[in-house]
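A.B. asks: Right, I'll just put the structure down here and ask away after.
A short reminder: the numbers here are calculations on the coordinates, not readings from a lab. These figures come from a predicted structure and were not determined experimentally. Note: ideal-geometry Cβ built from the backbone for every residue, glycine included; neighbour counts use all protein chains shown.
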Amino acid sequence: MDKLLQEVKDHLNITWDEEETNRKIERIIKDAIATLNWKLGAEIDYSEEEGQEHNLLLDYCLYAYNQCTNEFDNNYFNEIMQIRQKYEVIQYEQSK
């Protein structure tokens, strides 16, 4: 979580280190993971530094930090659908 916390803070341009801010960002990250797993239809490891999933998490945290998650789905619909389809194919292959 510490690495992911620092990456999200970097993405949000948060340069200070305060316990209250860190707690808020950690809560945003946990909510983002739960929300994106539901939207993407899979349990995903977002700690990987590269890839659509990681970038989507960072962007969702940006929207959550700025209290505008209501705009996220419209702006990231294509990315959500691409990743969702990827995991649907993976789940289908695993079920064979």
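A.B. asks: Helix 2-11 sits at what angle to the longest principal axis of the chain, using alpha carbons and giving 0 to 90 degrees rounded to 10?
C.D. replies: 80
A.B. asks: Could you order the peptides 38-48, 24-34, 52-62 from most to least packed, using the average number of other C-beta atoms within 10 Å per residue?
C.D. replies: Those peptides, ordered most packed to least, come out 52-62, 24-34, 38-48.
A.B. asks: At 7 Å along the Cα-to-beta-carbon direction for both Leu5 and Gln52, put a label point, then send me their distance in nm to one decimal.
C.D. replies: 3.1
A.B. asks: Residue by residue through segment 32-47, which ³J(HN,Hα) values in whole Hz follow from phi under the Karplus form 6.51 cos²θ - 1.76 cosθ + 1.60 (θ = phi - 60°), with glycine and proline marked x?
C.D. replies: Karplus values, whole Hz, x for Gly and Pro: 5, 4, 4, 5, 5, 4, 5, 5, 8, x, 7, 8, 10, 8, 8, 6.
A.B. asks: How high is the relative contact order of segment 1-93, given as a whole-number percent (alpha carbon pairs under 8 Å, six or more residues apart)?
C.D. replies: For segment 1-93, the relative contact order is 30 percent.
A.B. asks: Can you pull the Kirkwood radius for the chain, inverse mean 1/r over Cα pairs, to one decimal in Å?
C.D. replies: Over the chain, the inverse of the mean reciprocal pair distance is 14.0 Å.
A.B. asks: Right, next: Does anyone have the angle between helix 77-95 and the longest principal axis of the chain? Alpha-carbon axes, 0 to 90°, nearest 10?
C.D. replies: 50
A.B. asks: As I understand it, the value is the acute angle between the Cα axis of helix 52-65 and the longest principal axis of the Cα atoms of the chain; what does it come to in degrees, rounded to 10?
C.D. replies: 40
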